[in-house]
Amino acid sequence: MSVNHASLFKDCYVMQRGDIQRFADTLADGFSQYELFKYACCGKYDHRKMSHFWVFNIVLNSPDAICIADSKEVNSVLIYIPPRSKEPGLLSSLKAGVVKMAFKAGLRHSIRLSRFDAEAQKVAKRYRTVDDGYLFAFATRLDKQGQNYGKPLMKALLRYLDATGQGCYLETVKPENVRLYEQFSFRLKEEFEIKQGNLTLYAMHRPKSK
């Protein structure tokens, strides 16, 4: 993130290169009850495969992605991709070892999630503008859920969005999350039936501050 905006995240722990695996493990644990990821694992959730999947995605994120946790203990994780972010090029991806990571994550798992993502992107195009970032991931470890570990992360993100004039788009497949995000000024835009996994996608958007 920009040095100019670092103060907005002073209450958060900003991910360092050596933290990738811990961030991935927290996401794998926090999303373990989601039907989407059970579907990706062909019905039986595989924490190891999903941890590799999150490592793969964190490494492939744009260099300006905001990756924060509640503390060095990494009980809760939030990853936000600002508007107009550029994805790493092919050469950078190969140097990062993405082929090896893809195999570790499981080709079948990755293919299922890619197909889901393709449908989700069609919905996103209807509501996400050039001034909107994307809430890529937000999850708390199962044994820490309900204890407000994630709340400071979301508050920090909202301060950043308002300070920079950015909107934010997200989707969730967990219906109870709709009310959670509504508390942070996101509004439900559409409920969309995804063919992959027979899941319902809830598209939500928070407009940029005026």
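Where a number appears in this text, it was derived from the coordinates with a stated rule and is not lab data. This one's a predicted model, so the numbers in the text were calculated from it and none came from an experiment. With ideal geometry, Cβ positions are generated from the backbone for all residues, glycine too; neighbour counts draw on all protein chains shown.
Summary table below
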read-out: Dipole in debye (nearest 20) - segment 130-205, about Cα centre, beta carbon charges: Lys, Arg +1; Asp, Glu -1; value: 340
read-out: Neighbour-limited loop hits for trypsin sites (Lys or Arg not before Pro), segment 34-73 (at most 13 other Cβ within 10 Å; DSSP other than H, G, I, E, B); value: Lys44, Lys72
read-out: Exposure proxy order (Cβ contacts within 10 Å, fewest to most) of His109, His5; value: His5, His109
read-out: Whole-angstrom gap from segment 14-93 to segment 149-210, using each part's C-alpha centre; value: 17
read-out: Given charges at beta-carbon only (K, R positive; D, E negative), |dipole| of the chain in Debye; value: 340
read-out: Segment 127-176: mean projected area of Cα convex hull, nm²; value: 4.2
read-out: His5 versus Arg48: modelled label distance in nm, points set 7 Å from Cα along the beta carbon direction; value: 3.8
read-out: Proximal aspartates and glutamates relative to Lys86, as straight alpha-carbon distance under 19 Å, when same-chain residues fewer than 8 apart are discounted; value: Asp64, Asp117, Asp131, Asp132
read-out: Cα lying deepest toward the dipole's positive end in segment 3-167, options Phe9, Gly133, Thr164, charges on Cβ; value: Gly133
read-out: Pair Lys195, Arg108: separation of 7 Å Cα→Cβ label points (nm); value: 2.1
read-out: Long-range HN-HN contacts of Gly167 with modeled amide H, under 5 Å; value: Asp132, Gly133, Lys208
read-out: From the coordinates shown, Cα Rg over 2.2 N^0.38 Å corresponds to which of (1) 0.97; (2) 1.09; (3) 1.15; value: (1)
